[in-house]
Amino acid sequence: MKIVILASGGGSNAMAIMQACKDPAYPAKVIAVISNVQPAGVLTKAMSMGVPTYVIESKSKSREKFEAELNARLILLNPDLIVMAGFMRMLSAEFVNEWLGKILNIHPGLTHLYPQVGGPGKHGHHVHETTLDLKVKVSGATVHFAIPQVDGGPAIIHSVVPVEESDNADTLAARILPTEHQIYPIAIKLLATGKVKFFAVKDEKAPGGTRYECWVNENTTSVLPLPVGGIPWELPQAA
Ligand code: GRF
């Protein structure tokens, strides 16, 4: 499975994925890293791993122009999967729909348990501050398919960490980040080995008339990460 990573920052998740891909038995390969910011730690990390890098700057560019450039590059690269790893530019519904079912994102919160921690503007510290405001006992990270609704896509896997009373956004982020590095390579492997299926199903009651689902055919005994799903595997094909 050929992967293109989209990132904007330090690139620790990208690095975890590139390292997993170094194993010849791992069923995926990172063919390029694209950053919308320059300089970015992720570019240095990719170069150190011998992965081709591209910069498509988003600053002072219209969304349309940026996405047209990004799309053109992706068409040339022809990935099986686009992996957003700390990609800080929101993608339009049009863009996501073009690559629907082929884009993953990681979010540093449990968007399925607590939808308030996701959505437009909920990134970085905002996620953890919202989690702390909710006074919940657990947080974690979620790898999910990207859909037109920001952070609303179906999850493949998530990690769980405790939220301590003494936590602030920094301490919580620091506890979650290493779990991101664990679950992202697992999610990609599940997908690359056909154990994850993404469905877009017409549903009048769903926002935009489409319901998105993902089914994961994998059981794990470990507490961390926890798979989302456990739904029977023989499923009808989506329309
Ligand atoms: C991660 O916490 C990720 O969940 C969020 O942005 C951060 C990126 O970190 N979307 P890195 O660039 O992978 O180190």
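Since every read-out is calculated from the coordinates, none of them should be taken as a lab result. Note that this is a predicted model, so its numbers are computed, not measured. Please note: Cβ atoms are built from the backbone with ideal geometry, for glycine as well, and neighbour counts cover all protein chains shown.
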Please rank D170, D203, fewest neighbouring Cβ atoms within 10 Å first, as an exposure proxy. D170, D203
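Over the chain, what relative contact order in percent results from Cα pairs under 8 Å that are six or more residues apart?
16 percent
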The FRET efficiency for V138 and L77, from their Cβ-Cβ distance with R0 = 45 Å and rounded to 0.05, is 0.75
For G86, enumerate residues with amide H under 5 Å from its amide H, sequence gap 5+ or separate chain, H modeled in the peptide plane. I106
Go through the range 154-221 and name the GluC sites (Glu not before Pro) that are in a DSSP coil and have 13 or fewer other Cβ atoms within 10 Å of their Cβ. E164, E165, E204
Roughly what % antiparallel, to the nearest 5, for the DSSP beta bridges in the range 2-227? 55 percent
Rounded, prolate or oblate, given the Cα gyration tensor of the chain, with a/c below 1.5 counting as rounded? rounded
When we measure straight from the Cα of K202, which lysines land under 25 angstrom away, once same-chain ones fewer than 8 places off are left out? K102
Once you have a ≥ b ≥ c as the square roots of the Cα gyration tensor eigenvalues for the range 1-123, tell me rounded if a/c is under 1.5, and otherwise prolate or oblate according to whether a/b is larger than b/c. rounded
Counting Lys and Arg as +1 and Asp and Glu as -1, each charge on the Cβ, what is the dipole of the range 17-140 about the Cα centre in debye, to the nearest 20? 220 debye
Would you work out which of G118, T131, I188 lies farthest towards the positive end of the dipole of the range 85-207, given +1 charges on the beta-carbon of Lys and Arg and -1 on that of Asp and Glu, about the Cα centre? I188
Have a look at K45, K122, K202 and tell me which one the Gaussian network model of the chain (Cα, springs below 10 Å) gives the largest fluctuation. K202
Qualifying aspartates and glutamates (Cα of each under 20 Å from Cα of K137; at least 8 residues distant if same chain): E129, E164, E165, D167, D170, E180
Can you compute 3J(HN,Hα) from phi for each residue in the range 184-197, using the Karplus curve 6.51 cos²θ - 1.76 cosθ + 1.60 with θ = phi - 60°, rounded to whole Hz and x for Gly and Pro? 5, x, 5, 4, 5, 5, 4, 5, 5, 9, x, 8, 10, 10
Tell me, what ³J(HN,Hα) does each residue in the range 108-119 have, in order and in whole Hz, if you take phi through Karplus 6.51 cos²θ - 1.76 cosθ + 1.60 with θ = phi - 60° and put x for Gly and Pro? x, x, 9, 4, 7, 7, 10, x, 4, 7, x, x
Lys, Arg +1 and Asp, Glu -1 on Cβ, resulting dipole of the range 2-227 about Cα centre, debye, nearest 20: 500 debye
Label-to-label distance, nm, for residues given as K59 and R89 (7 Å Cα→Cβ offset): 1.2 nm
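Going by C-beta contacts inside 10 Å, put S60, S8, S139, S35 in order with the fewest on the left.
On the way: S60 7, S8 20, S139 29, S35 26.
Listed from fewest to most nearby Cβ atoms, that is S60, S8, S35, S139.
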